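Novice: Below: one structure in structure tokens.
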Amino acid sequence: MVKMSLRVWTAHTLTALLFCCAAAQYSSDQCNWRGSGLSHERHRRDVEQVYLRCSQGSLQWLYPTGAIILNLHPNSEPLSSGEARGHACIKPRTDSQGSHIYLERAGDLKLLLSEEQQAQGVVHCFSLTEGALFVEAATHSDISRRITAFQYELLSGHPGTHMIPYLLQGPDTCKPCSDEEVLMAVCTSDFVGVGVFHRAAAGSDSHTVAEVALSRLLRQKSRLFVRAGGRGRSWTGRVHVPTQCPLPPHRDQYLLTGAVHFGEAWLGCAPRYRDFRALYKRAHDEGINPCEINIY
């Protein structure tokens, strides 16, 4: 991303507009915002402040004019100063157009997504310490049929976060989870199951989509996995794995845990099931397991 000074919105102008528009109508929904630039049409340089306080939601801006500053704040406070304020990710709709999306901090803008890039529908992430989202309407003589729309998610440092390639990349991407992380992942993950990996399906340069078959499904947040044949005793589904991480051997059973991001399953901690059973039994005997599950 290229850092740039405000072009039309100079720091002085932006400050003045924020002051004069402080009383703009805010969204009453704490998770989602939907608005229309038609209310700004006579004041095309208006800037509206929007505050959203959910872990996930969406923005839909019809007929963009002026600009919106979108402030994303998690409901929970960080556990320590070292955790900063976490990360946020946005996924534009492929028909999103009519604006450019920047990160704004202290009057400086850093381009996050141009109008053209939004059509790719690719997830982009950033640290919340980098600032708020500044969504600026692009210059068009005809604003009809233009809608800026994207989903957002706020992410914290849960087990398996390092496995999400569009959030964090580096040498630790494929690092196995520690015993403590595995035990916590069973309690907090969006999905938990026992099964085997099958063939890899088409993914992208950053990740592989692995087909899995589960003999047991302990929990799932949404219908990520469906019963084989509709009524079978096993489940099938897909999980996303970073491209640089090799898929485990097909012959072994694994405990599969992970998170759901933008409707897709991302693999988190995935130890061999026999190793997990031994780990869980030790933790149970010592009374240090964070939650109870049936491992048999």
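Novice: Within segment 213-243, track down each residue that is touching a residue at least 60 places away in the same chain (Cβ under 8 Å) and either closer than 12 Å to Ala265 by Cβ or within 20 Å of the chain's Cα centre (by Cα) (or both).
Specialist: Taking segment 213-243 and keeping what is touching a residue at least 60 places away in the same chain (Cβ under 8 Å), we get 218, 241-243.
Val241, Pro242, Thr243, listed by residue number.
Novice: Another question, then. Does Ala259 count as under 29 Å from the mean Cα position of the chain (by Cα) and surrounded by 20 or more Cβ atoms within 10 Å (Cβ to Cβ)?
Specialist: Taking the combined requirement at face value, the residue satisfies it.
Novice: Let me ask something additional. Going through Ser99, Ser178, Ser189 one at a time, which residue ends up being modelled with pLDDT under 95, surrounded by 21 or more Cβ atoms within 10 Å (Cβ to Cβ) and assigned by TED's automatic domain parsing to the domain that holds Phe276?
Specialist: Checking each option against the conditions leaves just Ser189.
Novice: Of the numbered conditions (1) in contact with a Gly (Cβ under 7 Å, 6 or more places away or on another chain); (2) surrounded by 19 or more Cβ atoms within 10 Å (Cβ to Cβ); (3) at pLDDT below 90, Val209 satisfies every one except a single condition; which is it?
Specialist: Going through the list (1) in contact with a Gly (Cβ under 7 Å, 6 or more places away or on another chain); (2) surrounded by 19 or more Cβ atoms within 10 Å (Cβ to Cβ); (3) at pLDDT below 90, Val209 breaks only (2).
Novice: Looking at Phe150 and the list (1) over 18 Å from the mean Cα position of the chain (by Cα); (2) at pLDDT 90 or above, which single condition is not satisfied?
Specialist: Answer for Phe150: the failing condition is (1).
Novice: Would you confirm whether any residue within segment 268-285 is crowded, with 16+ Cβ neighbours inside 10 Å and within 23 Å of Lys91 (Cα to Cα)?
Specialist: yes
Novice: I would also like to ask the following. Can you tell me how many residues within segment 73-94 are at pLDDT 85 or above and in contact with a Gly (Cβ under 9 Å, 6 or more places away or on another chain)?
Specialist: 4
Novice: Looking at segment 103-141, which of its residues are without any contact (Cβ under 8 Å) to a residue 40 or more places away in the chain and aromatic (Phe, Trp, Tyr)?
Specialist: Phe126, the sole residue that qualifies.
Novice: Would you check if Ala259 is touching a Gly at 6+ places or on another chain (Cβ under 8 Å) and not assigned by TED's automatic domain parsing to the domain that holds Ile90?
Specialist: Against the criterion (touching a Gly at 6+ places or on another chain (Cβ under 8 Å) and not assigned by TED's automatic domain parsing to the domain that holds Ile90), Ala259 qualifies.
Novice: Would you check if Gln253 is more than 13 Å from Glu211 (Cα to Cα), without any contact (Cβ under 8 Å) to a residue 60 or more places away in the chain, surrounded by fewer than 20 Cβ atoms within 10 Å (Cβ to Cβ) and not small (Gly, Ala, Ser)?
Specialist: Yes.
The values are calculated or read from the model by the stated rules, or taken from the named source; none is laboratory data. Nothing here was measured: the structure is a model prediction, and the numbers come from that model. Please note: Cβ atoms are built from the backbone with ideal geometry, for glycine as well, and neighbour counts cover all protein chains shown.
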